[in-house]
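Here is the structure we will look at.
The values are calculated or read from the model by the stated rules, or taken from the named source; none is laboratory data. Because the structure is a prediction, the values reported are computed rather than measured. No Cβ is skipped: glycine too gets one built from the backbone with ideal geometry, and neighbour counts run over all protein chains shown.
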Amino acid sequence: MSPISPGDLIAAILVGVVVIVMALVWLTNRKPGAELLENVPAYDGVEALMHRSSEEGKALLLGNGEGFSGQNSTMGDTVGIFIERILLSRSVFNDRPTRTFSGEGALASISQLVVHGAYENAMATELFRSDHSELSGINSIAWMAGLLPELARKDNAGLILTGTLRPEHMLIGDLAERQELPLVAATSSLGAQAAFFASGSMVTLGEDYYLPSIGKVNQHAYQNQAKTMNWLRIILAIALIVAALLKLIGVLP
């Protein structure tokens, strides 16, 4: 039997640490009254816009970004579809329907299937119209140009931007601010995150981008995952500091 290599031993230790941390977090969150992590403002902002649309009888706008083609094939586009599904499942019977604007043909087609599915699940297919989900442009600038005129309408409750965005899409945020229209920007693009962070809109940063696609149903599972990741980051940081110190004093080669 061949001896275990140092690399395999380290990997086994890491797996063991992850399993132990996951078990501890799971046991801790099973206790009644376990403290939950605070939601990011953008997550609560999506919920607030959804309720505002329902209570005030106004339309909620959803921009799905550039789409799947070319350089834009990322997880961010699918997350935008999940956010759309959650929103539509709770706004089918609003006075004014949620309207979606996509920047690429494939994304627009999938979006329309999601919209139709939401009405079908609610047994209200007679309320579905094809213009609930539209293709507003076939590239970044065309999509933005098609979305901007919609912001000038008086019957809008708010705007949610998801998926692949670019820094120049900050023009959408600027117009929304001028129209006093609440805006939530949930994008996987670091450049767009930086641009919207400098504005007055609510924006998700880093991995928080995936939070709005979880929904209330999976909130408890998200809390477990977030706490597990936080503890693993702390353990990893301590391990790196200890390893650096041991190397400095000559214990490690």
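S201 meets the conditions (1) modelled with pLDDT under 80; (2) in contact with a strand residue (DSSP E or B) (Cβ under 6 Å, 6 or more places away or on another chain); (3) hydroxyl-bearing (S, T, Y) in every case but one. The failed one is (1).
In the range 70-79 there is no residue that is within 18 Å of V114 (Cα to Cα), out of contact with any Asp or Glu (no Cβ under 9 Å at 6 or more places or on another chain) and at pLDDT 80 or above. The helices (runs of 4 or more DSSP H) located wholly in the range 77-190 that include 3 or more residues which are assigned by TED's automatic domain parsing to the domain that holds G65, under 29 Å from G206 (Cβ atoms) and touching a residue at least 40 places away in the same chain (Cβ under 8 Å) occupy 105-121, 140-147. Selection within the range 177-187: residues that are on the phi < 0 side of the Ramachandran plot and surrounded by fewer than 24 Cβ atoms within 10 Å (Cβ to Cβ). The member of this set that is nearest to the chain's Cα centre (by Cα) is P182. For the criterion of being surrounded by 14 or more Cβ atoms within 10 Å (Cβ to Cβ) and either among the β-branched types (V, I, T) or touching a strand residue (DSSP E or B) at 6+ places or on another chain (Cβ under 6 Å) (or both), T125 fails. Checking each residue in the range 7-65 for being more than 22 Å from I235 (Cβ to Cβ), at pLDDT below 75 and in contact with a helix residue (DSSP H, G or I) (Cβ under 7 Å, 6 or more places away or on another chain) picks out only V40.
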